[in-house]
Ligand code: A3P
C-alpha cells in the first residue's frame with residue numbers, strides 16, 4: 001500500500017494532524033511487511049495483530065482508533081463480525097435509545113439505511129476532520145465497529161463505553177458472506193466459489209477473522225465485565241426479539257417503563273427494525289449512493305436462521321463444527337447445534353447426512 005493511495009491525508013499544521021500523520025506513516029511502513037492472503041472481493045487481506053483485515057482502510061482505521069480515539073463513558077459501541085447482524089442491531093439500538101425523540105410513523109429508519117444513522121468508528125476516524133466530527137456527535141454517541149475487543153486499547157476498556165456485541169452461527173455467516181461477495185466483486189472478476197470461500201473462512205482469512213477469535217474476544221470480555229459488554233446472539237434475537245430488546249434496553253440504562261410496555265413500544269421497535277420491514281423500504285431497495293462502500297440493498301438477503309443447510313455439504317458442516325468446537329471450547333455449541341461428538345467422522349472420514357445438526361426452527 002503506497003502512501004499516495006490514501007486519499008484523505010490529514011491537514012498539516014496543527015498538532016492533532018501531525019499525530020495522525022505519524023499513524024499514517026507507521027501504517028504505510030507496516031503494511032508491506034504483513035502476511036497477505038486472498039481477498040473476498042477487491043483488496044487482499046493482511047494479518048495484523050492476529051486478525052485479517054483489508055490491507056488499506058481497515059488497518060489504517062484500526063491504527064487511528066488505537067492511537068487517537070477518545071472514548072467517553074457514555075459511548076455506545078455496537079461491535080460485530082461482518083454478516084452477524086450489524087444492520088439489524090444498528091436499527092434496534094438506534095430506535096431504542098431515541099425512542100422518545102421520534103414518531104414511529106415518520107421515523108428516520110423509514111428513510112435512511114442504518115449505516116447512514118450510525119457512524120462506523122474505524123471508517124469515520126479516517127476522514128480528515130474526523131476527530132471533530134466524532135467529537136461533535138451528541139452524547140450518548142452511538143458508533144459501530146468490527147474491531148475485536150482485544151485490539152482496543154486498555155484505556156478505552158476502562159473508560160466506560162458500553163459495548164453491544166452480536167454474533168451468529170458461523171455456518172450462516174459463511175453463507176451470508178459468500179453471497180455478499182457475489183455482489184461486491186466487480187463484474188470482471190470471476191465468481192468466488194463456495195469451496196474457495198469455505199477454505200478462506202476456515203483458515204481465518206475473512207474480514208476481521210478468524211471469526212472464532214473475534215467471538216471469543218467479546219465473549220470473554222462479557223464474562224469479565226458484564227456491565228460494559230453485552231453479548232447477544234442472532235439466533236436468540238430471531239427467536240425472542242422482544243425479550244432480547246428489553247435486555248438490550250436495560251443494559252443501555254434505558255429500560256422500558258411499564259407504561260411503554262403496555263403501549264406496545266417494544267413491539268413497535270421490533271416491527272420497525274424487522275427484516276421484513278427494513279428490506280422492503282424504498283431506501284433499502286435501490287442503489288442510490290456512491291457515498292458508501294456498500295450499497296444499501298446489499299445488507300439485506302434472507303435474514304433467516306439455518307440457510308447454511310441449503311448450501312453447505314456434509315463435509316463442510318463437519319469441518320466447521322469441528323473448528324467451532326475446538327476454538328470456542330464448547331461455548332455456544334448448543335445454540336448452533338454443533339455436533340459435540342465428532343469422533344465417528346474423525347474415525348471414518350465421512351459423515352452421513354442423518355447425523356448432521358437439524359436446522360434451527362424459527
Ligand atoms: P443473510 O445474508 O443470511 O440474509 P450485516 O448487517 O452484519 O452485514 O449482516 C447481514 C446479514 O443480516 C444478512 O444475512 C442480512 O440479510 C441480515 N439482516 C439484515 N437486516 C436484518 C434484520 N432487520 N433482521 C434480521 N436479519 C437481518
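Being within 10 Å of the ligand (Cβ to nearest atom) and either touching a helix residue (DSSP H, G or I) at 6+ places or on another chain (Cβ under 8 Å) or part of a helix (DSSP H, G or I) (or both): is that true of residue 87 here? So residue 87 fits the description; yes. Screening residue 187 on (1) away from the ligand (no atom under 16 Å from the Cβ); (2) buried (at least 22 other Cβ atoms within 10 Å of the Cβ) shows it passes everything except condition (2). Residues of the range 251-263 include at least one that is buried (at least 19 other Cβ atoms within 10 Å of the Cβ) and either under 20 Å from the mean Cα position of the chain (by Cα) or under 30 Å from residue 325 (Cα atoms) (or both). Considering only the range 289-330, state which residues are on the phi > 0 side of the Ramachandran plot and surrounded by 18 or more Cβ atoms within 10 Å (Cβ to Cβ). Listed by number, the residues that qualify are 303, 306. Residues being over 25 Å from residue 300 (Cα atoms) and surrounded by 14 or more Cβ atoms within 10 Å (Cβ to Cβ) are entirely absent from the range 230-243.
Answer with yes or no whether residue 172 is within 26 Å of residue 77 (Cα to Cα) and either touching a helix residue (DSSP H, G or I) at 6+ places or on another chain (Cβ under 7 Å) or surrounded by fewer than 16 Cβ atoms within 10 Å (Cβ to Cβ) (or both). Yes: the conditions hold for residue 172. Residue 95 satisfies every condition listed in (1) away from the ligand (no atom under 16 Å from the Cβ); (2) in contact with a helix residue (DSSP H, G or I) (Cβ under 8 Å, 6 or more places away or on another chain) except (1).
Taking (1) assigned to a loop (DSSP other than H, G, I, E, B); (2) modelled with pLDDT under 95; (3) closer than 22 Å to residue 157 by Cα in turn, residue 61 satisfies each apart from (1).
Of the helices (runs of 4 or more DSSP H) lying entirely inside the range 220-304, those containing at least 3 residues that are closer than 19 Å to residue 103 by Cα, touching a residue at least 40 places away in the same chain (Cβ under 8 Å) and away from the ligand (no atom under 11 Å from the Cβ) are 265-272. Of the residues contained in the range 199-207, none is found to be more than 18 Å from residue 324 (Cβ to Cβ), within 16 Å of the ligand (Cβ to nearest atom) and out of contact with any strand residue (DSSP E or B) (no Cβ under 9 Å at 6 or more places or on another chain).
To keep it simple, each residue is scored yes or no on (1) closer than 29 Å to residue 227 by Cα; (2) outside any loop (DSSP other than H, G, I, E, B); (3) at pLDDT 90 or above; (4) touching a strand residue (DSSP E or B) at 6+ places or on another chain (Cβ under 9 Å).
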| position | (1), (2), (3), (4) |
| --- | --- |
| 1 | no, no, no, yes |
| 23 | no, yes, yes, no |
| 29 | no, yes, yes, no |
| 65 | yes, yes, yes, yes |
| 78 | yes, yes, yes, yes |
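Restricting attention to the range 32-56, the residues that are surrounded by fewer than 18 Cβ atoms within 10 Å (Cβ to Cβ), touching a helix residue (DSSP H, G or I) at 6+ places or on another chain (Cβ under 8 Å) and not in a loop (DSSP other than H, G, I, E, B) add up to 1.
The values are calculated or read from the model by the stated rules, or taken from the named source; none is laboratory data. What you are looking at is a predicted structure, and each value in this text was computed from that prediction instead of being measured. FYI the Cβ positions are ideal-geometry reconstructions off the backbone, even for glycines, and counts take in every protein chain you see.
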